[in-house]
Amino acid sequence: MGIFPIRRKPNEMMRVLVITCIGVVFGFFLGVSFPTLTLPKLNLPSSLFPSFDLTYIEDKYTGLSTHALLNAWSSLGRAAINGFNETRIWVPTNPRGAERLPPGIVVSESDFYLHRLWGSPDKDLKIRPKYLVTFTVGYKQRKNINAAVKKFSDDFTIVLFHYDGQTTEWDEFEWSRTAIHISVPKQTKWWYAKRFLHPDIVASYDYIFIWDEDLGVEHFNAEQYLRLVKKHGLEISQPGLEPNNGLTWQMTKRRGDSEVHKDAEEKHGWCNDPHLPPCAAFVEIMAPVFSRRAWRCVWYMIQNDLVHGWGLDFAMRKCVEPAHEKIGVVDAQWIVHQSVPSLGNQGKSESGKAPWEGVRERCKKEWMMFQDRMTSAENAYYVALGIDPPNSTTG
């Protein structure tokens with residue numbers, strides 16, 4: 001014999017509903033008639049109220065009437081229901097990984113400003129430096145760096161990257177106590193830059209100087225330099241180099257008859273296009289200065305494993321447009337490249353070669369690797385678009 005579901009008639013459903021309502025009302029008046037009744041004495045099964053501690057409720061509301069307790073219970077119940085029905089936050093426009101946060105709490109950028117451990121946070125900073133200058137240094141070059149730092153005003157945050165592990169020794173200089181010191185042995189400035197100068201970390205600075213330690217700055221003034229950079233619309237720049245000290249490129253040679261220059265004449269066959277490196281859109285990697293916008297692009301181009309940065313100077317033009325107008329050399333503020341082989345001496349002697357020889361070999365190897373990567377990446381991009389890749393992509 002089959003089993004058939006029992007269907008209640010509408011009249012029966014109404015009867016059940018009325019009885020339920022009467023029970024609720026009766027229970028309410030029953031509770032009111034016992035004002036000193038405590039909840040634990042009800043001895044209700046804990047399974048009915050899995051999320052709340054009845055003893056806690058009684059302790060919290062001791063001396064109150066049952067009516068007040070019922071109001072408190074009702075408030076807790078509404079809170080529980082609201083919690084279960086809470087709208088989940090998901091904001092796709094937030095930075096990656098922060099989609100679950102309300103946009104108003106997201107802080108995606110930072111800086112190197114020093115803050116106190118006491119007082120009000122909004123009164124921590126007397127000034128907010130607008131520019132950032134970094135030097136990759138060893139302690140032996142401290143006198144040179146001391147002279148260089150003095151060329152930068154309080155408008156500059158000073159960061160020293162220490163490749164020799166010596167940091168506290170620099171406290172002999174008063175300015176060192178407010179500088180940022182980052183120390184990792186035997187690393188280059190581009191290794192440091194990739195790890196500590198993310199665009200969102202240095203977003204507060206209008207310009208970022210990423211300089212070597214062996215630069216003579218007797219004829220350099222940072223404020224005057226930036227005045228000319230802004231005047232001539234340079235996004236990537238460097239000071240002119242003293243022409244009598246072993247220049248590699250004509251483009252970076254200081255000229256005595258101009259404030260800024262953006263192109264140069266090189267040896268025959270070196271420049272297939274006068275708008276391309278090394279005849280234009282070119283500065284060297286020893287003393288580059290980047291606008292905030294240009295640095296955001298260059299940082300992404302720096303390779304994580306190619307630590308010497310050779311080849312970057314030929315490719316940085318890809319980060320500004322038109323590059324031959326926005327990359328230039330400031331002649332009126334010039335420096336001397338002293339060519340101190342300090343980082344080279346941090347290498348290791350292998351196969352009978354001096355430490356500096358191994359470092360130089362890797363520099364050249366990295367240049368070739370960077371060129372190959374850039375060419376391959378650009379070709380893959382053009383092929384994906386169904387476009388024939390140009391013959392040359394690295395200048």
Does Y61 count as touching a helix residue (DSSP H, G or I) at 6+ places or on another chain (Cβ under 8 Å), at pLDDT 95 or above and aromatic (F, W, Y)? no
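I need the full set of residues from the stretch 150-165 which are under 26 Å from the mean Cα position of the chain (by Cα) and surrounded by fewer than 19 Cβ atoms within 10 Å (Cβ to Cβ), in order please.
Matches in the stretch 150-165: S153, D154, D155, D164, G165.
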Sole exception among (1) over 25 Å from I158 (Cβ atoms); (2) part of a strand (DSSP E or B) for W249, by number: (2)
Being closer than 29 Å to K143 by Cα, assigned by TED's automatic domain parsing to the domain that holds D257, of a type in the set (G, A, S) and within 27 Å of the chain's Cα centre (by Cα) narrows it down to one residue among A287, A332, A323, A294; which is it? A287
Answer yes or no: is there a residue in the stretch 260-273 that is in contact with a Ser or Thr (Cβ under 9 Å, 6 or more places away or on another chain), in contact (Cβ under 8 Å) with a residue 12 or more places away in the chain and part of a strand (DSSP E or B). yes
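Mind checking which residues of the stretch 174-207 are aliphatic (A, V, I, L, M) and without any contact (Cβ under 8 Å) to a residue 60 or more places away in the chain? Don't jump to the end; show me each part of the working.
Kept after step one, since they are aliphatic (A, V, I, L, M), are these residues of the stretch 174-207: 179-180, 182, 184, 193, 197, 201-203.
Within the stretch 174-207, A179, I182, V184 meet the criteria.
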Single condition E223 does not satisfy, out of (1) out of contact with any strand residue (DSSP E or B) (no Cβ under 7 Å at 6 or more places or on another chain); (2) in a loop (DSSP other than H, G, I, E, B): (2)
Return the residue satisfying two criteria in turn: it lies in the stretch 133-149 and is of a type in the set (S, T, N, Q) and in a helix (DSSP H, G or I), and of such residues it is surrounded by the most Cβ atoms within 10 Å (Cβ to Cβ). Q141
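Does V159 fit the bill of being touching a residue at least 24 places away in the same chain (Cβ under 8 Å), under 23 Å from D124 (Cα atoms) and in a strand (DSSP E or B)?
Taking the combined requirement at face value, the residue satisfies it.
The values are calculated or read from the model by the stated rules, or taken from the named source; none is laboratory data. On a predicted model such as this, the values are computed, not experimentally measured, just so you know. When we count neighbours, we look across all protein chains shown, and the Cβ atoms used for this are built from the backbone with ideal geometry, even at glycine.
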